[in-house]
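The values are calculated or read from the model by the stated rules, or taken from the named source; none is laboratory data. Since the structure is predicted, the reported quantities are computational estimates derived from the model, not experimental observations. Positions of Cβ are backbone-derived with ideal geometry, glycine not excepted, and every protein chain shown enters the neighbour counts. Heads up: the accessible areas ignore ligands, DNA and RNA and are worked out on the full protein's heavy atoms, side chains in. Shrake-Rupley method; radii C 1.70, N 1.55, O 1.52, S 1.80 Å.
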Amino acid sequence: MADPLIRAEALVKRFQTGGGLLARPRAMLAVRGVSMAIGKGEVVGVVGESGCGKSTLARLILRLIEPTSGTIHFDGQDLTKLSRGDMRRMRRRMAMVFQDPYSSLDPRFTVAEVLAEPFRVQGEEPPAGRIAELLGQVGLSERLSASYPHQMSGGQRQRIGIARALAQAPDFIVLDEPTASLDVSIQAQIIALLSELRRELGLTYLFISHDLGLVRYFCDRVVVMYLGAVVEVLPKADAPARHPYTAALMDSTFAPDPGQRKTLRAIEGEIPSAFDLPKGCAFAARCPRASDRCRAENPELSATDHPVACFHPL
């Protein structure tokens, strides 16, 4: 990609836990050497089982947490080299919508105060009329500006979360499972709203979700993670899977048409511990195609139009 908005290279995040008088500290690799690029105006999905590092990767890209190693470039600038003050100013151009609309809004703040908070963090006050404009962008009435989060539905709260993300007109938004806690009908409304905002404002999204059907509908490309590493990048959301793990995830996708439903086949075996990763491919113990080479060597992500980290791809 010649001119990406986001470029992450060899990102690693190691967390250390435990330690003390009787216990040795243990290290966990939450993100293992992830490299990826996101073009301007693109929607890139990130999928994988719980605990695979999706949300940690998103927070690293926004530099909400510091990487153990690796670099993150945003519009050509290396975020890892910016001072705290410069990074705060850079965050005007990036934002995040969180999974839970119930806990992501301060219950003591009115809607107007929630939407004014991004400006006050920067030492400013919102421009006149900006609160009403933000509410209108997400399909809410200005009358709600004096309401508190507990007085609104889950869908309304998530719209407020989206409006807060839009407050300072960012270029890039991380959507961390923004529909996971909503009813199906409300999910469709939120996705339609996000699609409309993308078209109108030229936004770039990183979309994290467990719902592969939704990801394939909403995203341009899909990054598949397993135990902190990228195992495949689908060049198009509807591209066929080449990694056995991706294929297993896709086979588990619910199809509304009974004639298109497949017999679900559970992935056998236990997920290895992130504190004690096996030698070789982390998926080898659960993979029906694994060979001795898979158990001895760790496959690298191929440098092709359809990158896959597998010695025996489909």
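Computed values, structure above
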| read-out | value |
| --- | --- |
| In nm, spacing of pseudo-spin labels at residue 68 and residue 200 (7 Å Cα→C-beta vector) | 4.3 |
| Nearest 10 degrees, 0 to 90: helix 154-166 Cα axis against the chain principal axis | 90 |
| Residues listed by number, region 140-162, amide nitrogen under 18 Å from residue 125 label point at 7 Å toward C-beta | 146 |
| Rg/Rh ratio calculated on Cα atoms of region 99-186 (Kirkwood radius) | 0.94 |
| Angle between the chain longest axis and helix 111-121 axis [Cα atoms, degrees, rounded to 10] | 70 |
| Under the Karplus curve 6.51 cos²θ - 1.76 cosθ + 1.60, θ = phi - 60°, whole-Hz ³J(HN,Hα) for region 189-198, x wherever Gly or Pro sits | 5, 5, 5, 4, 5, 4, 5, 5, 5, 4 |
| By accessible area with a 1.4 Å probe, ligands and nucleic acids excluded, highest first: order of 218, 311 | 311, 218 |
| Most to least accessible of 184, 43 (protein chains only, probe 1.4 Å) | 184, 43 |
| Computed over region 1-110, Kirkwood Rh from alpha-carbon pairs, angstrom | 15.9 |
| Region 12-91 and region 186-236: distance between their alpha carbon centers, rounded to Å | 19 |
| Radius of gyration and Dmax over the Cα atoms of the chain, both given in Å | 20.7, 66 |
| Proximal lysine pairs, the chain, alpha carbons under 24 Å, eight or more residues apart or interchain | 10 |
| Sum of -39500 (n - 2.57) over DSSP H runs of 4+, divided by residues of the chain (222 nm, nearest 500) | -8000 deg cm²/dmol |
| Packing-based ranking, highest mean first, of 23-36, 228-241 given that Cβ atoms within 10 Å are counted | 228-241, 23-36 |
| Average silhouette area of region 173-314, convex hull of alpha-carbon atoms, in square nanometres | 10.2 |
